[in-house]
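Q: Below you'll find the structure I mean.
The values are calculated or read from the model by the stated rules, or taken from the named source; none is laboratory data. Bear in mind that the values here come from a model prediction, so they are computed numbers and not experimental data. FYI the Cβ positions are ideal-geometry reconstructions off the backbone, even for glycines, and counts take in every protein chain you see. What goes into the accessible areas is simple: the full protein's heavy atoms, side chains included, and nothing from ligands, DNA or RNA. Shrake-Rupley method; radii C 1.70, N 1.55, O 1.52, S 1.80 Å.
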2 protein chains.
Amino acid sequence: MSTALLTDHYELTMLEAALRSGAASRRAVFEVFARQLPGGRRYGVVAGTGRVLDALESFRFEEESLAFLRDNEVVDEPTLEFLAGYRFSGSVDGYAEGECYFPGSPIMTVEGTFAEAVLLETVILSILNHDCAIATAATRMIRAAGARPLIEMGSRRTHEAAAVAAARAAYLCGFSSTSNLMAGREYGIPTAGTAAHAFTLLHDSEDQAFQAQIASLGPGTTLLVDTYDVAQAVRTAVELAGPSLGAVRLDSGDLGQVAHEVREQLDALGAHKTRIIVTSDLDEYAIAALAAAPVDGYGVGTSLVTGSGSPTAALVYKLVAREDAEGVMRPVAKNSVGKPSRGGRKDAFRELDADGTAVTELVTVSGQTPSGARPLQVPLVREGEIVGREKLDAARVRHREAVAELPSNAYQLSRGYAAIPTVFD
Amino acid sequence: MSTALLTDHYELTMLEAALRSGAASRRAVFEVFARQLPGGRRYGVVAGTGRVLDALESFRFEEESLAFLRDNEVVDEPTLEFLAGYRFSGSVDGYAEGECYFPGSPIMTVEGTFAEAVLLETVILSILNHDCAIATAATRMIRAAGARPLIEMGSRRTHEAAAVAAARAAYLCGFSSTSNLMAGREYGIPTAGTAAHAFTLLHDSEDQAFQAQIASLGPGTTLLVDTYDVAQAVRTAVELAGPSLGAVRLDSGDLGQVAHEVREQLDALGAHKTRIIVTSDLDEYAIAALAAAPVDGYGVGTSLVTGSGSPTAALVYKLVAREDAEGVMRPVAKNSVGKPSRGGRKDAFRELDADGTAVTELVTVSGQTPSGARPLQVPLVREGEIVGREKLDAARVRHREAVAELPSNAYQLSRGYAAIPTVFD
């Protein structure tokens, strides 16, 4: 499906006016950055880059869209003609997906004519604002969970298409699997799930439900044990599945306390290897609070897909440089109260200390590469051709490495300052 | 595109186990309801019903999806065969779209075999949880804005497909227009927009930018006047467009104060009819705070698409009744700690006092219709056929009427109790 109409009306009216004034053909540089991190977080996570490239590839105004724009008099005929032939021919650079970012980090830079670059604003921001917000929450959950696996299961609590993107962002940050089948098909993410309370209620007794599930999914399955009485259900579960029962799931109550009781009961029944999975409105704080409880895995839903209190990343797409009447590139920046921005095309580097720990986010306009600092931008599109596509697993590995490089204050769950300062040079 | 994989893995494993146990063919009733309203709101808004019907129509397991499920061993062969022939043949009833809801309101009821009804859980909840959350925020903004128009412009701050649904939910609640072109094409919502700061920065001076915009869009356009100096920009704008200038837009600063200054300046320049549109992180509180300012319209972005602090509606899809081994329908409910639910298929009515003001949300399991109360459920699907489709404008009118019927405490912006109590009978 074409992504071209996932665009704000004003991008097209600006295009029309710029085509008429002649400024549309000026070379322009747009930059995606955030003035601050979502929710007082210590670092942000770049996610959605691969989806931006997919959207760019499908950004074509087909006949149906052109007819809509014509019928509704959104733009004039010369503009419709321009759109009919639209194909982005410029370049895109950006932080590699999975990388960390900080306030002012130029996470994506789009260069082309004003006409071709301005049109991409809305869809690029939609993707990055959503995916970065989810990833910036997910990375905290991963840290809080330590070595225990996390299952993403929030599809039902967010828009049906956002759910697929959220599963992707979560996996990128280290989640083990997702409940979302479309995310499995589209992105190759492992999918997981066994049964809900409805399955127990469907049968005439909990025994019959557990028997049916074990018959179908084997004793290695996860049985949901809190539909009626937890202790009774655990007894029934081990009786029916034997000590090789894969796991039990707890979805209500004081999970820490119940997990202790259930662990004791499982051990007493000889089911030493049966794992305990907990779900039920978990966020990074709840996960951290369960660190000392005998829990073997977490299922996270609502808080993951809603960015744990920060559902959007506040990224903006700003014109930072453009040709003047003489064809010379000039940095530009608006001067609005309380919304400062910095002109000029930027390069970005992470400066590390002798131990390899990040100390500064260095953002420069000089075009020079400081020695010893790690460059953060990679080419994504060249002359309209996508050159930066990669497997999601590569971004997943990069994310783990990028997080490991941060100073320890980056892992604080409290609200506060960015883990490292951004220095503009 | 098929919606069938917008589904949690466990719906399919439950299906497989139920097909094997024989329980899959039991008649079952699932109910969508919320245990509480999002964010301490006084009422919720049912939105997304039309989108659920669209999703239901496209809920087919085509070959590509079946191949994915087979290759990844999500379910066994008999289950794949069932899915290949899947077509919902049951019934759906629900609150008409745009209607208000309260804790425990059965906003949607799905009846069919367990097999066919359980599969719809994820996509139905995804749609309703998103759209109801957005609408429940939007209705408050409408109230706060009084007679002034609201433009929805949050696409860039949410997932690109969620943006289209958010525009739909906002329009349903009374927003005048949206920036989102896809929402215009898909749902016939009026679209609006003129120019961003980038357009001013593109040109060598603000004069040139304004001239270009007026030449293209006419003097009735809206000029953005806060790129550099507001007073200078307003002077330039009226000079170039004349007193018939349509509007100026303010996107930064203390909007109330700046609006007063700009109104004075516009009037002094003879531009008495030039309107003032304000944008910049507005939510229902900021809108209400501007009630006394000379503002003629609001553009709302981030807070609308993120549900103004409550991005999801906490709706659940619960099995409330099913056949037993003898073929008799039985109410069912789980007994989990802190997550009570009520068994039985429910009817819902709004009881009004003599003045026509809502006093009670009456939810019954008796099957009887109380006299004088307004029934809230309408047929949406019968024997698999969609019977409840309607135009978005019909839902928009219904919403206005449903809100007008509520007692005045429903309009409080503070967090608190639902405006009317839900009585279970």
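Q: Could you grab me the full set of residues in the stretch B:102-117 that are within 12 Å of chain A (Cβ to nearest Cβ) and either open to solvent by less than 10 Å² (accessible area, probe 1.4 Å) or in contact with a Leu (Cβ under 7 Å, 6 or more places away or on another chain) (or both)?
A: Selection gives B:110, B:114, B:115, B:117.
Q: Follow-up. Residues in the stretch B:154-161: is at least one touching a Gly at 6+ places or on another chain (Cβ under 8 Å), under 24 Å from residue B:106 (Cα atoms) and within 11 Å of another protein chain (Cβ to nearest Cβ)?
A: Among the residues of the stretch B:154-161, not one is touching a Gly at 6+ places or on another chain (Cβ under 8 Å), under 24 Å from residue B:106 (Cα atoms) and within 11 Å of another protein chain (Cβ to nearest Cβ), which makes the answer no.
Q: Would you check which residues across the stretch A:132-174 are crowded, with 24+ Cβ neighbours inside 10 Å and of a type in the set (D, E, K, R) and list them?
A: A:140, A:152, A:156, A:157, A:160, A:168, listed by residue number.
Q: Follow-up question, since we're still on this one. When residue B:151 is evaluated against the numbered criteria (1) assigned to a strand (DSSP E or B); (2) within 24 Å of residue B:31 (Cβ to Cβ), which criterion, by number, is the only one it fails?
A: All conditions pass for residue B:151, except number (2).
Q: For residue B:273, work out the one condition from (1) over 24 Å from residue A:335 (Cα atoms); (2) within 13 Å of chain A (Cβ to nearest Cβ); (3) basic (Lys, Arg) it doesn't fulfil.
A: Status for residue B:273: all satisfied but (2).
Q: Looking at B:85, B:98, B:90, B:22 in this structure, which one is on the phi > 0 side of the Ramachandran plot and either open to solvent by less than 10 Å² (accessible area, probe 1.4 Å) or more than 14 Å from every other protein chain (Cβ to nearest Cβ) (or both)?
A: Working: B:85 fails: on the phi > 0 side of the Ramachandran plot; B:90 fails: on the phi > 0 side of the Ramachandran plot; B:22 fails: either open to solvent by less than 10 Å² (accessible area, probe 1.4 Å) or more than 14 Å from every other protein chain (Cβ to nearest Cβ) (or both).
None of the other options fit; the residue is B:98.
Q: Test residue B:122 against the criterion of being closer than 24 Å to residue B:342 by Cβ, open to solvent by less than 10 Å² (accessible area, probe 1.4 Å), at the interface with another protein chain (Cβ under 10 Å from one of its Cβ atoms) and in contact (Cβ under 8 Å) with a residue 60 or more places away in the chain, and give yes or no.
A: yes
Q: If you don't mind, there's one more thing I want to ask. Would a scan of the stretch B:310-333 turn up a residue that is open to solvent by less than 30 Å² (accessible area, probe 1.4 Å), more than 9 Å from chain A (Cβ to nearest Cβ), of a type outside the set (D, E, K, R) and at positive phi?
A: No, every residue in the stretch B:310-333 fails to be open to solvent by less than 30 Å² (accessible area, probe 1.4 Å), more than 9 Å from chain A (Cβ to nearest Cβ), of a type outside the set (D, E, K, R) and at positive phi.
Q: Among the candidates B:67, B:17, which residue alone is within 14 Å of chain A (Cβ to nearest Cβ), touching a helix residue (DSSP H, G or I) at 6+ places or on another chain (Cβ under 7 Å) and modelled with pLDDT of 95 or more?
A: On the way: B:67 fails: touching a helix residue (DSSP H, G or I) at 6+ places or on another chain (Cβ under 7 Å).
After applying the criteria, what remains is B:17.
Q: Follow-up. Let me spell it out: the conditions are (1) over 30 Å from residue B:348 (Cβ atoms); (2) open to solvent by 10 Å² or more (accessible area, probe 1.4 Å); (3) out of contact with any helix residue (DSSP H, G or I) (no Cβ under 6 Å at 6 or more places or on another chain); (4) within 14 Å of chain A (Cβ to nearest Cβ), and residue B:12 meets all of them except one. Which number is the exception?
A: Single failed check for residue B:12: (2).
Q: Of all residues in the stretch B:297-306, which are facing chain A (nearest Cβ under 8 Å), out of contact with any Pro (no Cβ under 6 Å at 6 or more places or on another chain) and under 13 Å from residue B:284 (Cβ atoms)?
A: Within the stretch B:297-306, B:302 is the sole residue that qualifies.
Q: Further question: Of all helices (runs of 4 or more DSSP H) completely enclosed by the stretch B:36-128, which ones contain at least 3 residues that are within 24 Å of residue A:192 (Cβ to Cβ)?
A: On the way: elements: B:49-57, B:63-71, B:77-84, B:114-118.
The qualifying helices (runs of 4 or more DSSP H) are B:63-71, B:77-84, B:114-118.
Q: Return the only residue of A:385, A:361, A:351 being closer than 18 Å to residue A:36 by Cα and more than 14 Å from chain B (Cβ to nearest Cβ).
A: Criteria check complete, one pass: A:361.
Q: Mind counting the residues in the stretch B:366-376 that are assigned to a loop (DSSP other than H, G, I, E, B) and either under 15 Å from residue B:401 (Cα atoms) or open to solvent by 80 Å² or more (accessible area, probe 1.4 Å) (or both)?
A: Pass one, the stretch B:366-376, residues assigned to a loop (DSSP other than H, G, I, E, B): B:366-373, B:376.
Right, trim to either under 15 Å from residue B:401 (Cα atoms) or open to solvent by 80 Å² or more (accessible area, probe 1.4 Å) (or both) and you get B:368-369, B:371, B:376.
The qualifying residues number 4.
Q: Just need a number here: residues in the stretch B:336-359 that are within 28 Å of the chain's Cα centre (by Cα), at negative phi and open to solvent by less than 20 Å² (accessible area, probe 1.4 Å).
A: 5
Q: May I ask you to say which residue of B:365, B:378, B:359, B:403 is at pLDDT below 95 and under 21 Å from residue B:102 (Cβ atoms)?
A: Just a single option satisfies the conditions, and that option is B:365.
Q: Quick check on my filter: what residues within the stretch A:284-301 are surrounded by fewer than 20 Cβ atoms within 10 Å (Cβ to Cβ) and not hydroxyl-bearing (Ser, Thr, Tyr)? Steps first, answer last, please.
A: Taking the stretch A:284-301 as the starting set, the residues that turn out to be surrounded by fewer than 20 Cβ atoms within 10 Å (Cβ to Cβ) are A:285-286, A:288-294, A:296.
If the condition is that a residue be surrounded by fewer than 20 Cβ atoms within 10 Å (Cβ to Cβ) and not hydroxyl-bearing (Ser, Thr, Tyr), then A:286, A:288, A:289, A:290, A:291, A:292, A:293, A:294, A:296 are the ones that fit.
Q: For residues in the stretch B:25-59 being closer than 12 Å to residue B:119 by Cα and out of contact with any Lys or Arg (no Cβ under 7 Å at 6 or more places or on another chain), which is least open to solvent (accessible area, probe 1.4 Å)?
A: B:59
Q: Something else about it: Looking at the structure I just gave you, is residue B:346 modelled with pLDDT of 95 or more, farther than 30 Å from residue B:192 by Cα and touching a His at 6+ places or on another chain (Cβ under 8 Å)?
A: no
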